[in-house]
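As structure tokens, the structure follows; a few thoughts come after it.
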Amino acid sequence: VDPHPHRHQVVEVPPVVVTLTEYQRHALRCPHCGRRTRAPWPAGVPRGCLGPRASALIATATAQYHLAKRAVAALLRDWFILTLSPATVCTAEQRVSAACAAPVAAAVATLPTARRVWMDETGWRQARDPDPVTPDPPPARLPKAWLWTAVTPEVTVFQIRRSRGSPVVTALLGATPDGIIHTDRWNGYHGLDPPHRQL
């Protein structure tokens with residue numbers, strides 16, 4: 001009887017096998033009217049060549065772990081024997097971004113009525129389309145932008161904006177937020193109602 005054995009644990013990941021599902025949509029011509037029709041897409045079938053888990057893996061590798069497009073393509077090839085071009089990696093990122101648009105909008109919509117919001121912003125280099133809140137034509141060089149963060153007990157919202165000013169605060173919190181907004185002394189927050197601002 002040994003009530004206290006030496007314990008040795010080994011962790012292993014399960015073998016991962018890529019599955020490929022083919023959908024065949026027939027296109028036939030009507031012998032009476034001559035019109036050619038194709039079968040509709042089955043419900044839930046992605047329009048691209050990647051399923052939701054593969055797309056999520058790609059988006060996590062690039063957004064969370066900052067891997068380059070070619071590095072992600074190499075990782076998928078080496079780990080899963082899945083050959084994709086860097087352009088397909090970009091397409092997957094865009095589709096995941098579009099899929100996240102509604103949840104992100106829902107998170108932003110909770111900010112004006114949140115009881116407490118902690119806000120801050122930090123410098124960010126961004127070379128993308130003009131900012132929808134403060135649209136300015138991007139300069140020829142890599143423009144300066146800011147990563148805004150708004151945190152409540154329920155959600156954390158990140159937004160990249162070319163402005164560090166009060167229009168972004170209003171866009172995120174609304175004109176008259178309900179709760180207490182915790183900020184530093186940056187003048188972009190000076191438009192907040194003093195009884196609703198905690199320094």
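At a glance:
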{"quantity": "Between segment 1-74 and segment 151-197, the alpha-carbon center distance in angstrom", "calculated": "39"}
{"quantity": "Length-normalised contact order of the chain in % [C-alpha pairs under 8 Å, at least 6 apart]", "calculated": "14"}
{"quantity": "Mean Kyte hydropathy of 0.0 or more with a Cα span along the axis of at least 27 Å, helices from DSSP in the chain", "calculated": "86-109"}
{"quantity": "19 Å cut-off, amide nitrogen to a point 7 angstrom out along Cys100 Cα→Cβ, residues in segment 53-76", "calculated": "53-73"}
{"quantity": "Simple Cβ-charge dipole of the chain, Lys/Arg +1 and Asp/Glu -1, about Cα centre, in debye nearest 20", "calculated": "960"}
{"quantity": "Listed peptides 51-59, 6-14 by packing density, highest first (mean Cβ within 10 Å)", "calculated": "51-59, 6-14"}
{"quantity": "Contour minus Cα-Cα distance for Val1 and Asp184 (0.36 nm per residue)", "calculated": "59.6 nm"}
{"quantity": "Alpha carbon convex hull of segment 1-135, volume per residue in cubic angstrom", "calculated": "347"}
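Values in this text are rule-based calculations from the coordinates and carry no lab data. Predicted model, so just to flag it, every value in this text is computed and none were measured. Positions of Cβ are generated from backbone atoms using ideal geometry, with glycine treated the same way; all protein chains shown enter the neighbour counts.
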